[in-house]
Structure formats: C-alpha cells, structure tokens
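To start, the structure itself, in structure tokens.
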Amino acid sequence: MNKIDYLRLSLIDKCNFRCQYCMPEEAQLKYILHQDLLTNEEIITLLKKVFIPLGFTKFRLTGGEPLLRPGLEDLVRDIANLPETEDLGMTTNGFLLTKMAQSLYNAGLRRINISLDSLNPQTFDWIIGNGNPSRWQQTWQGILTAYEVGFDPLKLNVVIIPGVNDGEILDLAALTIERNWHIRFIEFMPIGNGELFTEKAWIPSEEIRQQIRSKWGLVTSNVTGNGPADVFQIPDAKGTLGFISQMSECFCDRCNRVRLSADGWLRPCLLNEEGQIDLKTALRQGVDGEILKTQVQKLLELKPEINFKQRDAGTDTGFYSRTMSQIGG
Ligand code: SAM
Ligand code: SF4
C-alpha cells in the first residue's frame, strides 16, 4: 500500500479569477461563510494532533486562491516551523505574488506552483474571465518576482484546452530551455465546467509530448516530485516538463494524498465524495484528538478502495459538478 503522507489544504474557496474550466462566471457558487472556514489555529491543531502523528510530512496550501486568505503568512510560518514538516508548497494563480512573494518566502515557503495557461494576454483574459485592464501582465510579474525571490522549484501549471491554448504548447515548453522552471501540463478534467469540456474536449499528454519531441527531442528527467507528474526534459534544457495525465492514464494506484477542504472536510479522493469526515465540526464539538486520529486512520486504510477508477465506474455522466476551487485543487 502507498504511504499516504501528503495533505493538500484548501485555505479558502473564493478566487479573484473565474477560470472557464474551474469556476465559469455564469456558475452560481455558494461560498463557505467566514465563520465556517477552519481557523489558522484549528489547522495547526489538526496537523499536530491528527495528521503528523499519522505520518504526514508534506503539505500544500491551495484553494480557491490561497493568497486571498487573511493571515496567510502567519499560517505558513506556523506550518514551516513544525519540526515534522519536510515539504511545504503552495498552488496559486500568482496574481498577488508581486507584493506577497517576499513575505511568504520570509515566512518559510520554498515551493510554489503558479497556474499560467497562456502567454497571450488576450487568451489569458478569456480563460480567467473578463477583467479590465488585462491581468496577464501582473500575473507574469508575480511569476518573475517569485523567481527573483528564490522560490525553487518554481513550477507553472498549464491546462491545455483544444482550440484555446493548444497553439502555445511549444512556446510554453520553450520557457524551460533557458530558465530552471518546471512546466506541468495538466490534462483538462471533466470537473467544474461540463459545457466547456463537452465542447472542447481534452488533449492527451502523449500528444503534447509528441509535439515537443518533434521539435527538440525529449528525454526522461531524473528530477521527480511528490506527485503524479511524469517528468521529462528537452535535451540540455535547464528546466523540466511534467505531465499530469489523470484522463489518459489512471494513477490512483500511486496516489499518496488526501485533501482537507477550507471548511474542514477531509476527502480521500479528488473525484470521489465517499468517506469524507467533517473534522471542523468534530473539533468544535470538543472531540478528542485521539478519536479524530483513529477516524482518519480508518479512512486512510479505506482510501485504496475510494478512488477515481471506482467512482468513474459508478457515474452515469462521468462529469463532476463540484469545482476544483470548492474541493481544493
Ligand atoms: N487558484 C490556484 C490556482 O489556480 O493555481 C489554486 C487552486 S486551482 C483549483 C488548482 C489547480 O487546479 C490549477 O492549476 C488549475 O489549473 C487546476 N484545475 C482547475 N480546474 C481544472 C479542470 N477542470 N481540469 C484540470 N485542472 C483544473
Ligand atoms: Fe481560481 Fe485557480 Fe480556479 Fe482559476 S483555477 S478560478 S485561479 S481557483
């Protein structure tokens, strides 16, 4: 059985973007009320009393948009300072990074993944929803600032959507030639926006690799991460190219993670609602840490049975109406 030692913590379900594939503007989303968000103190209590004793050492802060979370730097500092923390990362859209990258670095954050689906400001603005003035430049500046501040590795997440940004695969891959950046191509998933998914469909990682291979060649990289990405490199490039292929290749068997939503639900699988535990309510009702730990341990034992493969077999549409921003992507 896989060692499950990686917790993705959603800090907030709100976002300053409305990406077409994640939370399209017309979607009516019911946001978590402020009083229902886990507080920083509750998060630290859960880490200390439940997750760390069960062997968790890798934590990723996500959302929604984690940079919108009040008190973020304090939380980063508290998690980074836990002696058991081996790895602390964040996934962000980068828009607010120009002003926050340095303070996050000072608080102890070292790994950052920034979503950037296009190098073309117009395409970018279409993807993230209508914004005036364009938000590409500020996002790009956020990426450059994170790089200058010293985030290493600096990873850029790209979701390729046919007919939208698939013409930019080579330009995005080329960013890794001169810079030690890691571009990760994520297959578009049927979650969040069913209409867009049905209309545009998705491109398998192997097709993306084939385009890159034909232009420069592609070799397997010996840099690996904590996650499900298969990592390659353009020969002699400084950075790497990762491929997250949850559509074309099921990686449930090597899944090492669970997710905690911003309102405290522990979820064993991204695409399967089964088995969730409401840790916030239990904590607020004063349930003892030992009891919570036992409940979570049981869930971890069941996790291999609660997966995407199994959920997929049971679904009639294959589409998931909850968004990544609600679950904590
Ligand atoms: N707001 C942050 C961001 O965009 O990086 C963190 C949360 S976001 C939900 C995390 C990741 O989920 C992003 O890289 C985003 O591209 C990805 N994502 C959201 N919806 C997706 C979908 N339908 N298919 C594939 N990836 C998706
Ligand atoms: Fe916001 Fe990230 Fe979802 Fe885009 S992908 S809407 S940035 S949470």
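Nothing in this text is a laboratory measurement; each read-out follows from the coordinates by a stated rule. The structure presented is a predicted model; accordingly, all values stated were derived computationally and were not measured. All Cβ positions, glycine included, derive from the backbone under ideal geometry; neighbour counts span all protein chains shown.
May I ask you to derive the FRET efficiency for residue 220 and residue 29 from their Cβ-Cβ distance with R0 = 30 Å, giving the value to the nearest 0.05? It would help to have the intermediate numbers written out before the result.
Values: r = 40 Å, r/R0 = 1.33.
The value I calculate is 0.15.
Mind scanning 200/298; 30/293; 30/238; 30/58; 30/155 and naming the pairs with a C-alpha gap bigger than 32 Å?
Numbers: 200/298 40 Å; 30/293 30 Å; 30/238 43 Å; 30/58 30 Å; 30/155 30 Å.
Distance filter (> 32 Å) returns 200/298; 30/238.
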The chain: most fluctuating residue of 221, 118, 261 per GNM, C-alpha cutoff 10 Å: 221
Vicinal HN-Hα couplings computed from phi for region 275-285 (Karplus, 6.51 cos²θ - 1.76 cosθ + 1.60; Hz; Gly/Pro x): x, 5, 10, 8, 6, 5, 4, 4, 4, 6, 8
Folded to 0 to 90 degrees: helix 205-216 orientation relative to the chain principal axis, Cα: 40 degrees
Centroid-to-centroid separation of region 1-75 and region 183-242 [C-alpha atoms, Å]: 25 Å
Aspartates and glutamates whose Cα lies under 16 Å from that of residue 49, excluding same-chain neighbours fewer than 8 positions away: 5, 41, 78, 84, 278, 288, 290
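Evaluate the charge dipole of the chain about its Cα centre and quote only its size in Debye, nearest 20, assuming +1 on the Cβ of each Lys and Arg and -1 on the Cβ of each Asp and Glu.
Values: 35 positive and 41 negative charges, 108 e Å.
It works out to roughly 520 debye.
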Cα convex hull volume per residue for region 11-110 (Å³): 110 Å³
Karplus-derived HN-Hα couplings along region 135-149 (A = 6.51, B = -1.76, C = 1.60, θ = phi - 60°), whole Hz, x at Gly and Pro: 9, 5, 4, 5, 5, 4, 4, x, 5, 5, 5, 4, 5, 5, 5
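Taking 0.36 nm per intervening residue step and subtracting the Cα-Cα distance, what contour gain separates residue 48 from residue 80 on full extension?
On the way: separation 32, 0.36 × 32 = 11.52 nm, distance 1.25 nm.
Result: 10.3 nm gained on full extension.
So for region 6-327, considering every pair of alpha-carbon atoms, how many percent are separated by more than 25 Å? Numbers along the way, then the final one.
Working: 26223 of 51681 pairs.
When all Cα pairs of region 6-327 are counted, 51 percent exceed 25 Å.
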Summed side-chain charge close to residue 60 - residues other than residue 60 whose Cβ falls under 13 Å, Lys, Arg +1, Asp, Glu -1: +4
Cβ-based charge dipole, the chain, positive-most Cα from 245, 7, 201: 7
Label point distance in nm, residue 130-residue 207, each placed 7 Å from Cα along Cα→Cβ: 3.1 nm
Computed [θ] at 222 nm, helices only, for the chain once each DSSP H run of length n ≥ 4 contributes -39500 (n - 2.57): -9500 deg cm²/dmol
Highest-fluctuation residue, 298, 48, 155 considered, GNM on the chain with Cα pairs under 10 Å: 298
FRET efficiency for residue 305 and residue 178, using Cβ-Cβ distance with R0 set to 45 Å, rounded to 0.05: 0.50
Computed label-point distance, nm, for sites residue 290 and residue 106 using a 7 Å Cα→Cβ extension: 4.3 nm
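Taking every DSSP beta bridge that has both residues in the chain, what percent is antiparallel when rounded to the nearest 5?
On the way: 10 of 44 bridges.
Among the beta bridges of the chain, antiparallel pairing accounts for roughly 25 percent.
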